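First comes the structure, then the notes that go with it.
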Amino acid sequence: MKNKTQLPKWFNGTTYKDGDTVENRFSGETYKLTNLELSMYDFIMGATMTLEMSGIFNPNSIAIQKDLRKGLDWFRKHNIKAYMVLLD
């Protein structure tokens, strides 16, 4: 059976060919992600770091926050277990 999961049209990050195992930066727990999940995870982490470094006064912060929320919602919908381990 073919996997029907796709990245959303608004996604403008890098789409990886292969998945990989990711470690939660706080707990040390790991989870194996598909290529699409890894692509979204890196997008989420990049948006998070950008917001942390630029602060709330960055004119782009509202757009970044919206994209971050959409990424988290996508991830939660497509792999709740990985979301709970890596992003919750």
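The values are calculated or read from the model by the stated rules, or taken from the named source; none is laboratory data. All values derive from a computational prediction rather than experimental measurement. Every residue, glycine among them, receives a Cβ derived from its backbone with ideal geometry; neighbour counts consider all protein chains shown.
Figures for the structure shown
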item	result
Failed condition for Trp74, given (1) touching a Leu at 6+ places or on another chain (Cβ under 9 Å); (2) among the aromatic types (Phe, Trp, Tyr); (3) over 20 Å from Thr14 (Cβ atoms)	(3)
Any chance Tyr31 is at pLDDT 95 or above, part of a loop (DSSP other than H, G, I, E, B) and touching a Leu at 6+ places or on another chain (Cβ under 6 Å)	no
Residue satisfying all of: in the range 46-71; more than 21 Å from Lys9 (Cβ to Cβ), part of a helix (DSSP H, G or I) and of a type in the set (A, V, I, L, M, F, W, C); farthest from the chain's Cα centre (by Cα) among these	Met53
Residue list for the range 11-28, restricted to those being modelled with pLDDT of 95 or more, in a loop (DSSP other than H, G, I, E, B) and among the hydrophobic types (A, V, I, L, M, F, W, C)	Phe11
Hits in the range 40-87 (condition: of a type outside the set (A, V, I, L, M) and exposed (fewer than 12 other Cβ atoms within 10 Å of the Cβ))	Glu52, Gly55, Phe57, Pro59, Asn60, Lys77, Lys81
Residues being modelled with pLDDT of 90 or more and either within 20 Å of Gly19 (Cβ to Cβ) or not hydrophobic (A, V, I, L, M, F, W, C) (or both) - total across the range 48-79	15
